[in-house]
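The values are calculated or read from the model by the stated rules, or taken from the named source; none is laboratory data. Fair warning: this is a prediction, and the values are worked out from it, not measured in the lab. In this analysis, Cβ positions are derived from the backbone assuming ideal geometry, glycine residues included, and neighbour counts consider all displayed protein chains. These accessible areas exclude ligands, DNA and RNA; they are computed on the full protein's heavy atoms, side chains included. Shrake-Rupley method; radii C 1.70, N 1.55, O 1.52, S 1.80 Å.
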Amino acid sequence: MHIPLDYSSTRNLPSNVAMNFSYTQAQIAAVELSLSKERFAPYVTAQQGDRLRALKLYEANTLLSEALYGSLQGLEVTLRNAIHAKLSSELGRSDWFDTPILQQYERQKVGEVKARLAGRNPLAAVPPGQVVATLTFGFWASLTNKSYHRPLWRPYLAHVFANGSPGNDEVRDALRALAELRNRIAHHEPIVFRAVAGKLQQQNLNGVLQTILKAAGWISPETASWIRSQSRLSEVYQRISQPFSP
């Protein structure tokens, strides 16, 4: 698979947002300084020291991150709502996260979220829905860890991921990888390539999208179809014309 790069700063952009940018050495150096040499370095390495191509790769990474974030968002909201609905129903309370069912790490994360939300309005009780909406993708993924196989997966979560009957390990591995990807996007890290054994290797982003759709489909095939219909990944690839080979 090739990750293409668009070398036009205005191609296919709406006329009201298209802006020209001069890719002079001075401009590139200024942008590199703004991004920081440390953040820009992997892109320079990927392009064998060519800073113009490195900046184009950085731009491509941003576009692809934006495209995947929408799909990840659809999965994340679907995931947390499905788990919340199931555990609220089975445990008979919407604040199920305050029961002993959670282990220390997850209890700590819930406590941090509740403290932060309470700090916004100390006189008001924190609604369970706000806690659920604030907990991270990583939190929800952690509920499929091996340590939760008996207390959560077997009695409850296996029914959340009922379509296709995936195993606990398959669900855990998929969600863990997607949570890591989401964090990389949120922290503006590279997603078009990754370092493996000290070498840069290209990420299969089409494969990533398929994992997102598969995970969403385990919960709701209809929602997975909707996420697919909203994906902009193919559109972004069409905007980029030149191949990237790390």
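Helical runs (DSSP H, four residues minimum) scored at -39500 (n - 2.57) apiece and divided by the length of the chain put the mean residue ellipticity at 222 nm at -19000 deg cm²/dmol. Against the compact-protein benchmark of 2.2 N^0.38 Å, the Cα-based radius of gyration of segment 99-219 scales to 1.24.
Expressed in whole Å with the largest first, what are the equivalent ellipsoid semi-axes of segment 70-138 derived from the C-alpha gyration tensor as the square root of 5 times each eigenvalue? Each step should come with its number before you reach the end.
Working: eigenvalues 73, 52, 30 Å².
Largest first, segment 70-138 gives 19, 16, 12 Å.
Placing pseudo-labels 7 Å out from each Cα toward the beta carbon at residue 33 and residue 163 gives an inter-label distance of 5.2 nm.
Taken about its Cα centre, the chain carries a charge dipole of about 220 debye when Lys and Arg each add +1 at the Cβ and Asp and Glu each add -1 at the Cβ.
Toward the positive end of the charge dipole of the chain, with +1 on the Cβ of Lys and Arg and -1 on the Cβ of Asp and Glu, the farthest Cα among 135, 161, 192 is that of 135.
When both segment 177-214 and segment 111-133 are represented by their alpha-carbon centers, they are found 32 Å apart. Solvent-accessible area per residue in the chain equals 53 Å², computed with a 1.4 angstrom probe and all protein chains kept.
On a full-extension model of 0.36 nm per residue, what is the gain between residue 189 and residue 120, subtracting their alpha-carbon distance, rounded to one decimal in nm?
Working: separation 69, 0.36 × 69 = 24.84 nm, distance 3.00 nm.
That pair, residue 189 and residue 120, stretches by 21.8 nm at full extension.
Per-residue SASA remark: residue 156, around 40 Å² accessible (1.4 Å probe; ligands, DNA and RNA not included).
For the chain, the calculated P(r) over all alpha carbon pairs, in 5 Å bins from 0 to the bin holding the longest distance, is 1, 6, 12, 15, 15, 13, 11, 10, 8, 6, 3, 1, 0 percent. Of all the options 57, 175, 91, the one that moves most in a Gaussian network model of the chain with Cα springs shorter than 10 angstrom is 91. Using a probe of 1.4 Å on the protein chains alone, the accessible area found for residue 188 is around 120 Å². Restricted to Cα atoms, segment 40-101 shows a radius of gyration and a Dmax of 20.9, 60 angstrom.
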